[in-house]
Amino acid sequence: MDTNGDTPGKAPTVSDTGKMDSKAAGMNPYVGLVSSLRTAWLTGKTRAAEHRVSQLEALRHFLDDKKQPILDAMASDMRKPPFEVELSEIILVKNEVNYALNNLSSWMKDEGVDKNLVTQLDTAFIRKEPYGVVLIIGPWNYPLQLILVPLVGAIAAGNCVIIKPSEISSSTEKLVAETLPSYLDKDCFAVVTGGPAEMTKLLENKFDYIFFTGSPQVGKIVMAAAAKHLTPLTLELGGKNPCYVADESDLQNVANRLVWGRCFNAGQTCIAPDYVLCSAETQEKLLPALRHAITQFFGPEPRESPDFARIISDKQFQRIRALLGSGRVAIGGQTDEKERYIAPTVLADVQPSEPAMQEEIFGPVLPIVTVPNVDEAIAFINSRERPLAVYVFASDSKLVRRVLERTSSGGFGANDPIMQMTLISLPFGGIGNSGLGSYHGKFTFDTFSHHRACLLRTMGLEPMNSLRYPPYSERKMGLVLSTFRIKRTGTCTLL
Ligand code: NAD
């Protein structure tokens, strides 16, 4: 099995009942599949609460039954440690399934809204409606979590779904394509495999919603394809997440948390701390603490640690290795091309213009850029694209608030990286270059639901309605305004 990935060009496959008929479909091999899912959608079966519950339960069975194959596939793709797979690919998804099942009936309920004087006797509510046939496209770094967490919300919201896992994490892609469809209702859910060539064809079809996780570059391609059909979409993208470390921080705790965040999944995490900003003095104190944390976590020879993953592909390995020339290698720096191993590495005194500061690292390499103070750090962060996360380590809560108030990012973490995403009650998503829209927990359900504005009027009270009908008059205007007007409340002029 090819675990190196980055080898597009496989023939498109569709893991449902062979709906892909390229002859009948003309040039596009996915027309048949999309239209069969649309037919199923139009029957209304996915709208029923029982159907949603049964599919969510089936997803949980998939995770239970396939736990070992999942662990094996991810070991094959990037030697992901079983502990990390359980935590980030299995438990996290199961939590989402359980949370959705626990809350589905209340999420599905129509939401009553305030009414004005004219509509007092009517019924006004927001109905959470499924979009229809939606497409979920995933990346390779958390190849299961990042397709299944959106899938939970898409099912809960009552949609039909085509799932497109990344072709780069090929063992997981194969497992998903070969086994997931047999758990789900095949009329309504399908897995499509392939790389950019297949994606280009798939995206020619009209979907009712697209949920994409991946790079900003491909995000632009997906958004352009969606625009052709005016399809709404979510973009979960990447970028460089800054991490400011204040002088007075407890540096060993900082180092432990930074090394964990940077080295989990060998740094191939979209919300990992991408680089550190701190003073030159703090850098010198932080380096021995980082070295200590790395040795504590992975032993004197991290290559031999079973708890440290490998880089997904040769292409990614070459890209990350090329970044090691930035600044000076203060810790680590060892690489092994055969194994796609890159040691936990810290680059000190990195200049903002160097390669490590030009692109998302997406590997176990942590550059440190020195800045004189927090204001310079804030200016540095604000001079770059808005990231998925901004992190700050400081014992001074005022300083934490200052960074929070004066920067912008998808999420924010004080004194710990990544942990904000473990809260199902927080929306997860980017802003600007790091993405558009958010999900997790109820936010996923809302993402995959159209909020339909409904007003059910009575046929009575026509004299009241006649106030807005021509012929118009000053008197009618006065009466109409008094029924529609929203009065300003409160006395404070500043709020
Ligand atoms: P990618 O953009 O290369 O690929 C993502 C998906 O798009 C894959 O399924 C791939 O097959 C497809 N694709 C690739 N080229 C395409 C094309 N030309 N046209 C249409 N589809 C195409 O991303 P990746 O390398 O798999 O993942 C890494 C990126 O994803 C990083 O930037 C990372 O930060 C980001 N990411 C973001 C999040 C998040 O939640 N915001 C999570 C994980 C990863």
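The values are calculated or read from the model by the stated rules, or taken from the named source; none is laboratory data. Since the structure is predicted, the reported quantities are computational estimates derived from the model, not experimental observations. Here the Cβ positions follow ideal geometry from the backbone for every residue, glycine too, while neighbour counts run over all protein chains shown. We work out accessible area using only protein heavy atoms, side chains counted, and drop any ligands, DNA or RNA first. Shrake-Rupley method; radii C 1.70, N 1.55, O 1.52, S 1.80 Å.
Screening Val97 with (1) open to solvent by 10 Å² or more (accessible area, probe 1.4 Å); (2) touching a Leu at 6+ places or on another chain (Cβ under 8 Å); (3) not in a loop (DSSP other than H, G, I, E, B) gives one miss only, at (1).
Just checking, how many residues over the range 231-261 are within 16 Å of the ligand (Cβ to nearest atom) and either at positive phi or of a type in the set (Lys, Arg) (or both)?
Here is the first cut: in the range 231-261, the residues within 16 Å of the ligand (Cβ to nearest atom) are 231, 233-243, 261.
Adding the requirement that they be either at positive phi or of a type in the set (Lys, Arg) (or both) leaves 239-240.
Matching residues across the range 231-261 total 2.
Take Gly238 and decide whether it is under 24 Å from Thr46 (Cα atoms), open to solvent by less than 20 Å² (accessible area, probe 1.4 Å), of a type outside the set (A, V, I, L, M) and under 18 Å from the mean Cα position of the chain (by Cα). So Gly238 does not fit the description; no. Being modelled with pLDDT under 95, of a type outside the set (A, V, I, L, M) and open to solvent by 30 Å² or more (accessible area, probe 1.4 Å) holds for only one residue in Asp314, Asp250, and it is Asp250. Being near the ligand (Cβ under 10 Å from one of its atoms) and not in a loop (DSSP other than H, G, I, E, B) holds for only one residue in Ile221, Ile210, and it is Ile221.
Every residue, every condition in (1) within 26 Å of Lys186 (Cα to Cα); (2) among the charged types (D, E, K, R); (3) without any contact (Cβ under 8 Å) to a residue 40 or more places away in the chain; (4) open to solvent by less than 60 Å² (accessible area, probe 1.4 Å), yes or no:
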position	(1), (2), (3), (4)
Val53	yes, no, no, yes
Leu59	yes, no, no, yes
Lys66	yes, yes, no, yes
Pro69	yes, no, no, yes
Met74	yes, no, no, yes
Lys80	no, yes, no, yes
Phe83	no, no, no, no
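Identification of strands (runs of 3 or more DSSP E) wholly contained in the range 231-305 with 1 or more residues that are under 25 Å from Gly437 (Cβ atoms) and of a type outside the set (S, T, N, Q) yields 233-236, 242-245.
Name every residue in the range 377-387 that is assigned to a loop (DSSP other than H, G, I, E, B) and either open to solvent by less than 60 Å² (accessible area, probe 1.4 Å) or among the polar types (S, T, N, Q) (or both), in order of residue number. Outline the logic, then answer.
Pass one, the range 377-387, residues assigned to a loop (DSSP other than H, G, I, E, B): 383-387.
Hits for the range 377-387 are Ser383, Pro387.
Give the residues of the range 113-151 that are β-branched (Val, Ile, Thr) and within 16 Å of the ligand (Cβ to nearest atom), sorted by residue number. Correct list: Val134, Ile136, Ile137, Ile147, Val149.
Among the numbered conditions (1) open to solvent by less than 50 Å² (accessible area, probe 1.4 Å); (2) within 30 Å of Arg310 (Cβ to Cβ), the only one that Leu399 does not meet is (2). Regarding the range 144-160, can at least one residue be identified that is open to solvent by 20 Å² or more (accessible area, probe 1.4 Å) and β-branched (Val, Ile, Thr)? Checked the range 144-160: no residue is open to solvent by 20 Å² or more (accessible area, probe 1.4 Å) and β-branched (Val, Ile, Thr).
I'd like to know if the range 206-229 contains one or more residues that are of a type in the set (A, V, I, L, M), open to solvent by less than 50 Å² (accessible area, probe 1.4 Å) and more than 27 Å from Ser170 (Cα to Cα).
If we filter the range 206-229 for residues that are of a type in the set (A, V, I, L, M), which is where we start, we get 210, 218, 221-227.
In the following step, the residues that additionally are open to solvent by less than 50 Å² (accessible area, probe 1.4 Å) were identified as 210, 222, 225-226.
Okay, now just the ones that are also more than 27 Å from Ser170 (Cα to Cα), so none.
No, that holds for no residue.
Note on the range 180-193: residues that are assigned to a helix (DSSP H, G or I) and either within 21 Å of the chain's Cα centre (by Cα) or within 23 Å of Asp208 (Cα to Cα) (or both) total 2. Answer yes or no: is there a residue in the range 272-290 that is open to solvent by 10 Å² or more (accessible area, probe 1.4 Å), in contact with a strand residue (DSSP E or B) (Cβ under 8 Å, 6 or more places away or on another chain), within 16 Å of the ligand (Cβ to nearest atom) and not β-branched (Val, Ile, Thr). The answer is no, given that none of the residues of the range 272-290 is open to solvent by 10 Å² or more (accessible area, probe 1.4 Å), in contact with a strand residue (DSSP E or B) (Cβ under 8 Å, 6 or more places away or on another chain), within 16 Å of the ligand (Cβ to nearest atom) and not β-branched (Val, Ile, Thr). Evaluating Gln351 against the criteria (1) more than 16 Å from the ligand (Cβ to nearest atom); (2) in a loop (DSSP other than H, G, I, E, B); (3) within 21 Å of Ser215 (Cβ to Cβ); (4) not charged (D, E, K, R) leaves one unmet condition, (3). Listed here are the strands (runs of 3 or more DSSP E) enclosed by the range 388-491 that have at least 2 residues being away from the ligand (no atom under 16 Å from the Cβ) and in contact (Cβ under 8 Å) with a residue 12 or more places away in the chain: 389-393, 449-456. Just one of the listed residues (Ile320, Ile368) is part of a helix (DSSP H, G or I) and surrounded by 14 or more Cβ atoms within 10 Å (Cβ to Cβ), namely Ile320. Restricted to the range 165-179, and to residues there that are buried (at least 24 other Cβ atoms within 10 Å of the Cβ) and in contact with a strand residue (DSSP E or B) (Cβ under 8 Å, 6 or more places away or on another chain), the residue that is nearest to Val218 (Cα to Cα) is Pro165.
Every test in (1) more than 14 Å from the ligand (Cβ to nearest atom); (2) touching a residue at least 24 places away in the same chain (Cβ under 8 Å); (3) open to solvent by 20 Å² or more (accessible area, probe 1.4 Å) is passed by Lys201 save one, and that test is (1).
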